[in-house]
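J.: Please find one structure pasted underneath; my questions will follow.
The values are calculated or read from the model by the stated rules, or taken from the named source; none is laboratory data. Please read all numbers here as calculations on a predicted model, not as lab measurements. For neighbour counting, all protein chains shown are included, and Cβ atoms are generated from backbone atoms with ideal geometry for every residue, glycine included. Remember, those area values only see protein heavy atoms, side chains included, never the ligands or the DNA or RNA. Shrake-Rupley method; radii C 1.70, N 1.55, O 1.52, S 1.80 Å.
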Amino acid sequence: MSEHEGYILELQGITKIFPGVKALNNVQFQLKRGEVHALMGENGAGKSTFIKVITGVHAAEEGRMFLNGQEVHFKGPRDASAAGIAAVYQHPTSYPTLSVAENIFMGHEKIKNGLIQWKQMNQEAKKLLDRLDADFAPTAEMGTLSVAGQQMVEIAKALSTQAKIIILDEPTAALTANESEKLYRIVDQLRDEGVSIIFISHRFEDMYRLATRVTVFRDSQYIGTYDVDKISNADLIKAMVGREISDMYPKPEVKIGEELFRIEGMSRTGYFKDISMNVRAGEIVGMTGLVGAGRTEVMESVCGITKADAGRVMLEGRVLHINKPQDAMKEGIILLPEDRQKQGLILKWGLGRNVTLPIQDKLSRHGFNDEKRERELAKKFLEEVDTKAVSIFDPASSLSGGNQQKVVVAKALAQDNRKLIIMDEPTKGVDVGAKAEIYAIMGDLVKQGYGIIMISSEMPEILGMCDRIYVMCNGRMTGCLDRREATQEGILSLSMEQGDSKKTQEVEA
């Protein structure tokens with residue numbers, strides 16, 4: 001037996017170079033048949049480039065790849081697909097106006113005598129969807145599906161090509177707990193059917209639930225492969241970031257000041273009702289609850305993205321009249337949106353121009369942009385949040401998810417009139433090292449007297465970083481917990497039932 005025959009897929013000494021950067025440096029990887037193998041590392045560690053080498057999108061300058069013990073050389077994605085390799089990316093590249101069946105068979109349609117066999121495609125799509133326990137029809141329009149549904153279609157598409165190796169790239173990043181559990185069951189089923197899976201994730205719970213082995217990349221290099229049941233969290237974090245993160249949540253002790261911000265009796269029909277809360281200077285206030293509870297919708301109304309039907313917003317004791325986002329920004333209320341790619345960045349623009357976008361009017365002199373000053377400011381704020389990029393002129397689309405989030409944070413810091421910073425899921429899809437850096441930035445901001453509202457579904461960071469925690473359920477505020485009394489069980493209880501609104505008033509400052 002060849003030394004490579006114990007694995008369905010093996011890569012040795014893979015090096016990939018882009019202009020000015022070595023994206024992969026002599027990395028290796030081994031995948032067993034019927035195995036779920038986790039691939040972890042910080043944003044920018046080389047995971048995405050590695051996927052593209054496996055799937056034939058990029059050709060490596062050095063290294064060898066073996067499939068079923070035989071060396072292979074893919075000239076493009078079609079070669080990889082024909083060899084039984086498929087990838088499901090974090091952001092599905094679907095056709096929203098086409099049907100589910102059309103999306104599944106895109107590029108390999110069922111054709112007979114020059115005619116597309118719609119009935120056959122719908123029938124085979126239904127079989128694939130039934131296999132995945134989908135609750136939508138093959139004739140459904142793709143754009144009407146949730147993110148979880150779209151990912152399911154992508155998995156069905158991979159199965160339609162008879163894929164024996166499926167790469168799942170951050171599949172749980174945008175899923176609720178229930179949707180993640182359903183995905184886990186699908187992965188378990190595929191593994192039991194003999195499919196080999198590479199599961200890329202920042203979430204330790206994904207790794208522990210699914211994988212038997214985990215490979216770690218750091219700074220474009222291979223660090224090691226470990227048995228999941230034999231490596232501790234601390235050792236895994238050290239492998240990923242190159243250092244120990246002894247205090248994952250560096251919440252500073254800050255003297256809390258006077259009330260900075262307050263909303264009273266805010267309602268928007270169909271979204272939330274009678275919401276009241278406040279934030280003091282130097283305070284990090286959490287907003288949590290199950291996805292769909294109405295947290296984001298409340299803050300969108302605060303910032304003028306949508307209009308509330310009732311209630312008032314107050315800043316430093318003044319009632320504000322916010323009709324559009326620019327009004328909120330002028331008052332010093334800064335929002336970091338949950339969807340950084342669609343709402344936080346212009347992906348085609350350079351990093352520098354993204355950072356300075358909100359302050360363009362201040363950089364203009366006699367109708368001309370002061371480009372030298374713009375570059376200086378952009379560089380200053382990008383360095384302040386330790387953004388990993390070759391140049392401030394790099395397009396935002398070229399960065400990893402964690403570094404894109406840092407650009408969004410830098411954009412907020414560039415607005416020098418800021419008073420209240422609202423961070424909506426600021427660490428979603430971000431690696432453990434970048435999370436710690438974002439938490440440190442939050443700590444620095446409250447030391448300077450700013451107020452922060454952090455919307456998050458991640459219980460550990462809510463408990464670790466917040467002074468007080470407001471909990472929502474079904475569009476209502478069900479409770480407010482002080483840092484000293486908050487527990488995961490208490491938050492979950494308030495997230496799942498109508499809490500005592502009286503308790504909210506008791507804990508409010």
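J.: Among the residues in the stretch 44-65, are any over 24 Å from the mean Cα position of the chain (by Cα), under 30 Å from residue 137 (Cα atoms), surrounded by fewer than 20 Cβ atoms within 10 Å (Cβ to Cβ) and modelled with pLDDT under 95?
T.: No, because not a single residue in the stretch 44-65 is over 24 Å from the mean Cα position of the chain (by Cα), under 30 Å from residue 137 (Cα atoms), surrounded by fewer than 20 Cβ atoms within 10 Å (Cβ to Cβ) and modelled with pLDDT under 95.
J.: When residues of the stretch 184-196 are filtered for being part of a helix (DSSP H, G or I) and either in contact with an Asp or Glu (Cβ under 9 Å, 6 or more places away or on another chain) or loosely packed, with under 13 Cβ neighbours inside 10 Å (or both), how many remain? Break it down into steps so the answer makes sense when it comes.
T.: At the first step, the residues of the stretch 184-196 found to be part of a helix (DSSP H, G or I) are 184-192.
Okay, now just the ones that are also either in contact with an Asp or Glu (Cβ under 9 Å, 6 or more places away or on another chain) or loosely packed, with under 13 Cβ neighbours inside 10 Å (or both), so 184-186, 189, 191-192.
Total satisfying the criteria: 6.
J.: How many residues, within the stretch 131-159, are at pLDDT below 90 and in contact with a strand residue (DSSP E or B) (Cβ under 9 Å, 6 or more places away or on another chain)?
T.: Here the count works out to 6.
J.: Which count do you get for residues in the stretch 135-170 that are open to solvent by 20 Å² or more (accessible area, probe 1.4 Å) and assigned to a loop (DSSP other than H, G, I, E, B)?
T.: Qualifying residue count, the stretch 135-170: 10.
J.: Continuing with this model, one more query. Being surrounded by 18 or more Cβ atoms within 10 Å (Cβ to Cβ) and in a loop (DSSP other than H, G, I, E, B) is the filter here, so list the residues in the stretch 442-456 that pass it.
T.: Residues satisfying the conditions are 450, 456.
J.: Considering each residue of the stretch 347-385, count those that are touching a Leu at 6+ places or on another chain (Cβ under 9 Å), surrounded by fewer than 18 Cβ atoms within 10 Å (Cβ to Cβ) and among the acidic types (Asp, Glu), and give that number.
T.: 3
J.: Separate question: Quick check on my filter: what residues within the stretch 3-43 are open to solvent by 60 Å² or more (accessible area, probe 1.4 Å) and in contact (Cβ under 8 Å) with a residue 60 or more places away in the chain?
T.: Across the stretch 3-43, the qualifying residues are 5, 20, 21, 22, 26, 28, 32, 33.
J.: I would also like to ask the following. Within 30 Å of residue 435 (Cα to Cα) and not in a loop (DSSP other than H, G, I, E, B): which single residue out of 393, 381 fits that description? Talk me through it step by step, then tell me what you get.
T.: Values: 393 fails: not in a loop (DSSP other than H, G, I, E, B).
Result of the check over 393, 381: 381.
J.: Let me ask another. Could you tell me which numbered condition residue 471 fails, if it satisfies all but one of (1) at pLDDT below 90; (2) of a type outside the set (Asp, Glu); (3) outside any helix (DSSP H, G or I)?
T.: The number of the failed condition is (1).
J.: Filter the stretch 359-385 down to the residues that are of a type in the set (A, V, I, L, M) and free of Cβ contacts under 8 Å to residues at least 40 places away in the same chain and list them by number.
T.: 363, 377, 378, 382
J.: With the requirement that a residue be touching a residue at least 40 places away in the same chain (Cβ under 8 Å) and under 19 Å from residue 169 (Cβ atoms), what does the stretch 422-432 give you?
T.: 425, 428, 429, 430, 431, 432
Yes or no, residue by residue, for (1) surrounded by fewer than 19 Cβ atoms within 10 Å (Cβ to Cβ); (2) without any contact (Cβ under 8 Å) to a residue 24 or more places away in the chain; (3) under 28 Å from residue 276 (Cβ atoms):
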site: 387; (1), (2), (3): no, no, no
site: 401; (1), (2), (3): no, no, no
site: 405; (1), (2), (3): no, no, no
site: 420; (1), (2), (3): no, no, yes
site: 440; (1), (2), (3): yes, no, no
site: 462; (1), (2), (3): no, no, yes
site: 467; (1), (2), (3): no, no, yes
site: 479; (1), (2), (3): no, no, yes
site: 488; (1), (2), (3): yes, no, yes
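J.: Shifting gears a bit: Would you confirm whether or not the stretch 235-254 contains a residue that is modelled with pLDDT of 90 or more and either of a type outside the set (Asp, Glu) or at positive phi (or both)?
T.: Of all residues in the stretch 235-254, those modelled with pLDDT of 90 or more come to 254.
Those still in the list that are either of a type outside the set (Asp, Glu) or at positive phi (or both) too: 254.
Yes, some residue in the stretch 235-254 is modelled with pLDDT of 90 or more and either of a type outside the set (Asp, Glu) or at positive phi (or both).
J.: Only one of (1) assigned to a helix (DSSP H, G or I); (2) within 14 Å of residue 305 (Cβ to Cβ); (3) in contact (Cβ under 8 Å) with a residue 12 or more places away in the chain is not met by residue 353, so which one is it?
T.: (2)
J.: Within the stretch 431-453, identify whether any single residue is of a type in the set (Val, Ile, Thr) and either farther than 29 Å from residue 469 by Cα or touching a Lys or Arg at 6+ places or on another chain (Cβ under 6 Å) (or both), and answer yes or no.
T.: no
J.: Let me ask you something else. When only residues in the stretch 199-213 that are of a type in the set (A, V, I, L, M, F, W, C) and within 19 Å of residue 430 (Cα to Cα) count, which is nearest to the chain's Cα centre (by Cα)? Before you say what the answer is, go through the steps one by one.
T.: First pass over the stretch 199-213, keeping only residues of a type in the set (A, V, I, L, M, F, W, C): 199-200, 204, 207, 210-211.
With within 19 Å of residue 430 (Cα to Cα) added as a condition, the list becomes 199-200, 204, 207.
Details: 199: 15, 200: 12, 204: 14, 207: 16 Å.
Ranking the candidates gives 200 first.
J.: Related question: Just give me the residues in the stretch 303-318 being touching a strand residue (DSSP E or B) at 6+ places or on another chain (Cβ under 6 Å), open to solvent by 80 Å² or more (accessible area, probe 1.4 Å) and part of a strand (DSSP E or B), in sequence order.
T.: Across the stretch 303-318, the qualifying residue is only 312.
J.: Tell me which residues, restricted to the stretch 110-134, are surrounded by fewer than 15 Cβ atoms within 10 Å (Cβ to Cβ) and not in a helix (DSSP H, G or I).
T.: Across the stretch 110-134, the qualifying residues are 111, 112, 113, 114, 115, 116, 133.
J.: Then there's this: Could you list all residues from the stretch 319-336 that are part of a loop (DSSP other than H, G, I, E, B), surrounded by fewer than 21 Cβ atoms within 10 Å (Cβ to Cβ) and either touching a residue at least 12 places away in the same chain (Cβ under 8 Å) or of a type in the set (A, V, I, L, M) (or both)?
T.: Passing the criteria: 323, 324, 332.
J.: Further question on the same structure: Condition test on residue 451, is it within 19 Å of residue 203 (Cα to Cα) and either of a type in the set (A, V, I, L, M) or touching a residue at least 24 places away in the same chain (Cβ under 8 Å) (or both)?
T.: So residue 451 fails the test.
J.: Just give me the residues in the stretch 337-350 being touching a residue at least 60 places away in the same chain (Cβ under 8 Å) and touching a Lys or Arg at 6+ places or on another chain (Cβ under 9 Å), in sequence order.
T.: First, the residues of the stretch 337-350 that are touching a residue at least 60 places away in the same chain (Cβ under 8 Å): 337-338, 340-341, 344-345.
Result: 338, 340, 344, 345.
J.: Then there's this: Could you say which residue among 268, 295, 262 is open to solvent by less than 30 Å² (accessible area, probe 1.4 Å), of a type in the set (Lys, Arg) and closer than 28 Å to residue 492 by Cβ?
T.: It is 295.
J.: Still on this structure, I have one more. Is the stretch 396-414 home to any residue that is within 28 Å of residue 46 (Cα to Cα), touching a Gly at 6+ places or on another chain (Cβ under 9 Å) and not in a helix (DSSP H, G or I)?
T.: Within the stretch 396-414, one or more residues are within 28 Å of residue 46 (Cα to Cα), touching a Gly at 6+ places or on another chain (Cβ under 9 Å) and not in a helix (DSSP H, G or I).
J.: Hey, could you check the stretch 66-109 for residues that are surrounded by fewer than 20 Cβ atoms within 10 Å (Cβ to Cβ), among the aromatic types (Phe, Trp, Tyr) and part of a loop (DSSP other than H, G, I, E, B) and say which is farthest from the chain's Cα centre (by Cα)?
T.: Per the stated criteria, the residue is 95.
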